[in-house]
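Note sheet for the following structure.
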Protein chains: 2
Amino acid sequence: MSQPDTKQRILNAAEELFAVHSFHATSLRAITQQAGVNLASVNYHFGSKDALLDAVIKRRLEPLNARRSELLDEVERMAEASSQPPEIRAVWRAFVEPTLLLRKTDAGAEYFITLVGRALAEPHGAEMSIFLKQMGSLMFRFFEMSCSALPSIPRQLLFWRMHFAIGSFSHLMRSNEQSPLLPEGVSNTVDMESLIEMLLDYTVAGLEAPQ
Amino acid sequence: MSQPDTKQRILNAAEELFAVHSFHATSLRAITQQAGVNLASVNYHFGSKDALLDAVIKRRLEPLNARRSELLDEVERMAEASSQPPEIRAVWRAFVEPTLLLRKTDAGAEYFITLVGRALAEPHGAEMSIFLKQMGSLMFRFFEMSCSALPSIPRQLLFWRMHFAIGSFSHLMRSNEQSPLLPEGVSNTVDMESLIEMLLDYTVAGLEAPQ
DNA sequence: ACCTGATTAAAACAAACGTTTGAATAATTT
DNA sequence: AAATTATTCAAACGTTTGTTTTAATCAGGT
């Protein structure tokens, strides 16, 4: 390969532009220009624009889901060892923490998180269908473990509460340092660790709320 | 006017298509075809595609915000009458209930709610900038009243918790009867009134969560 | 019936889109 | 060193985009 990382440069540029401007509003010309590669190289290396989106999501979602699955295994093991239902905070943390901590690994990861958050917000978008395909059954396992963790909450009610929780989570995934509405006396910069705890406090309280 | 409702027919078609396929993915040809009007009539009546989006949002958001403002007035009046801080559930209800009940008025309103929910999810999208312009200072008033309602929660923490709450709310606004992920033994159809109470239970518990 | 302004209609505009082509260049293999 | 494969490049493909133009059609006032 003359330019040894053409594919990676395309993936990086696409990741950023898809996250900032959405899939539809991003042209292949904008991607290849930012990547410093030829226009035709996207179709050469990936086949199509849709296949490029698939590759962008797969590159980071596959290891992320592997990590989440590991953590859920661990939560399950601890629950069985103590003959107790799994801890709802631990279940939710297994899903939330690897995702939000990924943002700090590099700049591209932050774009990826925004992109996935965007996918979760558009049920019929191109991002969503590709995202769901790659999520496989992990979402269902997540739901079932939450049901086990909160046996006193009816299944139907918990479904909606998890819907609300995913709304909060995905909203946080989409939000970057530039909030469109910042009230007086409020700063937007917080370290991610404490933000995760804030989200867990909020979410667990909501999931366990009295009926 | 030969066809007395060309503008309304365009607004209805645009409302639906913008909500389902997003602003960028919807062409003027698709809109005018669905509306049964000539392609050029959009630019004749509205000036541009952007101005059309503005009109679509304005048509329903203006009366909705007037109603929300009324309800916040009422909550404020009751708080002053009893010399107590405003009820957090009432504050939040003033924001949530008129919006979600609007869905049932007609099919177009449901599309509008989806469209606004989408706007809230894309901080840099065309929908968001137009939406914010029309929201004016209502969001800030909403935040300040929530601070008054929960004086024990630090302002900074409440900012993030309201961020989570708006995430839940907007996620519910976007979700229609077709959920992409429906676990076993769970139905997706619930009457809106009880869904509002579910959301309020969840949100108030999260906002008031122990720190 | 005639005129005036508002609206609709079909057609064309330039620009941007994703994709494909075929030749040129680089890398690897024989 | 020659042959072969992989990659890059500039150019063009046919569509589709938002917008504009010009003529036709409609309404209501005099």
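Both chains summed, the buried accessible area for B and A stands near 4900 Å², from protein heavy atoms and a 1.4 Å probe. Let a ≥ b ≥ c be the square roots of the eigenvalues of the Cα gyration tensor of chain A; is it rounded (a/c under 1.5), or, if not, prolate (a/b larger than b/c) or oblate? Prolate is the answer for chain A, as a/c is 1.5 or above and a/b outweighs b/c. Of the GluC sites (Glu not before Pro) in the range B:167-211, the ones in a loop by DSSP (not H, G, I, E or B) with at most 13 other beta carbons within 10 Å are B:Glu177, B:Glu184.
Its alpha carbons considered, the protein assembly as shown gives a radius of gyration followed by a Dmax of 22.4, 77 Å. Rounded to the nearest 500, the helix-only mean residue ellipticity at 222 nm of the protein assembly as shown stands at -23500 deg cm²/dmol, with each DSSP H run of n ≥ 4 adding -39,500 (n - 2.57).
Per-residue shielding of A:154-166, expressed as the average number of other chain Cβ atoms within 10 Å of the residue Cβ, stands at 6. Between copies, the label points of B:Glu74, set 7 Å from Cα on the Cα→Cβ line, lie 5.0 nm apart, reported in increasing order to one decimal in nanometres. Using only the alpha-carbon atoms of the range B:131-211 as identical scatterers, what base-10 log of I(q)/I(0) does the Debye formula give at q = 0.25 Å⁻¹? For the range B:131-211 at q = 0.25 Å⁻¹, log10 I(q)/I(0) is -1.27.
Scattering from the range B:9-68 was approximated by placing one identical point on each alpha carbon and applying the Debye formula without solvent; log10 I(q)/I(0) at 0.18 1/Å stands at -0.58. Note on B:Glu74/B:Gln34: beta-carbon distance plugged into 1/(1 + (r/R0)^6) with R0 of 45 Å gives a FRET efficiency of 0.70. For the range B:58-207, the share of accessible area belonging to carbon and sulfur comes to 55 percent (1.4 Å probe, ligands and nucleic acids excluded). Peptide B:20-29 has a mean shielding of 3, counted as Cβ atoms of other protein chains within 10 Å of each residue's Cβ. Residue-wise HN-Hα couplings along the range B:5-21, as the Karplus relation 6.51 cos²θ - 1.76 cosθ + 1.60 with θ = phi - 60° gives them from phi, are 10, 4, 4, 5, 5, 5, 4, 5, 5, 5, 4, 5, 5, 4, 5, 7, 10 Hz; Gly and Pro carry x.
Express the accessible area of the range B:58-207 per residue in Å², computed with a 1.4 Å probe while the remaining protein chains stay in the model. It would help to have the intermediate numbers written out before the result.
Values: 6080 Å² over 150 residues.
Accessible area per residue, the range B:58-207: 41 Å².
If you take each beta carbon of peptide B:78-91 and count the beta carbons of other chains within 10 angstrom, what is the mean? Spell out each step's value before the answer.
Details: counts 0, 0, 0, 0, 0, 0, 0, 0, 0, 0, 0, 0, 0, 0.
Rounded to a whole number, the mean comes out at 0.
With the cut-off at 1.5 for a/c, could you classify the range A:57-132 from its C-alpha gyration tensor as rounded, prolate or oblate? Please list the in-between numbers first.
Details: a/c = 2.66, a/b = 1.91, b/c = 1.39.
It is prolate, given that a/c is not under 1.5 and a/b is the larger ratio.
The values are calculated or read from the model by the stated rules, or taken from the named source; none is laboratory data. Not measured: the values here are computed from a predicted model. Please note: Cβ atoms are built from the backbone with ideal geometry, for glycine as well, and neighbour counts cover all protein chains shown. Surface areas here come from the heavy atoms of the whole protein model, side chains and all, with no ligands, DNA or RNA. Shrake-Rupley method; radii C 1.70, N 1.55, O 1.52, S 1.80 Å.
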